[in-house]
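Take a look at the structure set out below.
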Amino acid sequence: MNEQKTIAQVINLWKTDKKLYVKKSSFSAYVLLVENHLLPAFGDKKTIEEAQVQAFVLQKLEQGLSQKTIKDILIVLKMVLKFGAKNKWLEHQPFDIQFPTEREKHNIDVLSRTNQKKVMSYIETHFTFRNVGVYICLSAGIRIGEVCALTWEDIDTDNGVINVRKTIQRIYLVEDGDRKTELILDTPKTKNSIREIPMSRDLLRMLKPLKKIVNNSFFILTNDAKPTEPRTYRSYYKNLMKQLNMPDLKFHGLRHSFATRCIESKCDYKTVSVLLGHSNITTTLNLYVHPNLEQKKKCIDQMFKALG
């Protein structure tokens with residue numbers, strides 16, 4: 001065995017190694033979890049017992065962190081421990097962590113059909129470049145980072161498709177204890193997120209005349225060489241919704257609204273999953289497919305009808 005190291009020492013060596021293989025945005029997310037959670041809890045230790053990790057998880061739940069965030073922290077912890085064990089700097093026994101059963105159902109907030117029509121009609125009659133971004137999200141289900149990164153060259157009016165190939169995000173950089181942020185334009189996280197989305201007739205009608213006169217390299221939301229960042233666009237959206245007396249819906253709710261309308265229209269789930277850029281169909285099914293009592297009754301009736 002090599003000389004035993006503390007978790008903090010292993011983390012430093014792991015960061016140097018990891019930086020070579022992952023995207024800048026992923027690396028920054030890992031480092032943030034390490035700095036905020038792992039180093040304060042385990043940095044000075046040379047071994048970690050399962051009971052300590054279990055206590056850490058319960059403490060984080062108590063502090064109000066979501067199960068998803070805690071599971072993300074544990075993924076990073078496991079990467080660090082495996083790296084340390086591989087290099088014989090520490091001993092690592094895999095741990096099996098229990099989470100309390102989540103009893104509450106997570107309802108997805110979406111615009112009602114009436115409110116969705118109201119927002120889209122308003123944008124059709126009050127055109128601005130920033131408004132059209134909201135319209136695109138309701139018509140194509142793209143994420144806030146993706147709409148902020150759209151340039152006019154991504155809009156193919158000849159074939160009637162939007163090419164989603166980039167995303168913009170502000171990431172945290174932690175270097176030598178200093179924290180700063182940086183706006184980065186990058187490819188989306190997974191290869192499934194790079195996709196073509198057909199435009200609706202109304203969206204195509206809105207964008208076709210503009211496409212002839214705009215600079216192809218300009219960003220759509222600013223019609224300028226400089227983009228707007230998600231944080232700024234989110235607050236613009238909030239004000240727009242307030243002005244239209246809409247319910248307080250997070251920006252991501254526009255994507256949920258698009259997906260919900262697709263499912264309501266009996267689109268097949270695989271196609272909806274591809275349109276959303278999900279890495280697998282399970283994500284789509286878990287998020288959006290919740291049969292109501294009427295559908296369940298219909299299913300039972302069909303089954304017995306087939307039984308004869």
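Of note:
- Helices (runs of 4 or more DSSP H) completely within region 7-86 that count 1 or more residues being among the polar types (S, T, N, Q) and in contact (Cβ under 8 Å) with a residue 40 or more places away in the chain: 7-18, 24-33, 50-62
- Selection count where residues are in contact (Cβ under 8 Å) with a residue 12 or more places away in the chain and in a loop (DSSP other than H, G, I, E, B), scope region 210-228: 11
- Search result, residues across region 148-170 that are within 30 Å of T16 (Cβ to Cβ), crowded, with 19+ Cβ neighbours inside 10 Å and in contact (Cβ under 8 Å) with a residue 24 or more places away in the chain: A149, T167, I168, Q169
- Search result, residues across region 57-95 that are out of contact with any helix residue (DSSP H, G or I) (no Cβ under 7 Å at 6 or more places or on another chain) and charged (D, E, K, R): E62, K68, K71, K78, K82, K86, K88
- Qualifying residue in region 222-236 (condition: among the aromatic types (F, W, Y), modelled with pLDDT of 95 or more, touching a Phe, Trp or Tyr at 6+ places or on another chain (Cβ under 6 Å) and over 24 Å from D156 (Cα atoms)): no
- Members of region 26-45 that are more than 24 Å from L58 (Cβ to Cβ) and surrounded by 18 or more Cβ atoms within 10 Å (Cβ to Cβ): S28, V31
- Residue check, Q98 more than 29 Å from L173 (Cα to Cα) and surrounded by fewer than 21 Cβ atoms within 10 Å (Cβ to Cβ): yes
The values are calculated or read from the model by the stated rules, or taken from the named source; none is laboratory data. Because the structure is predicted, anything quoted here is derived from the model rather than measured. Positions of Cβ are backbone-derived with ideal geometry, glycine not excepted, and every protein chain shown enters the neighbour counts.
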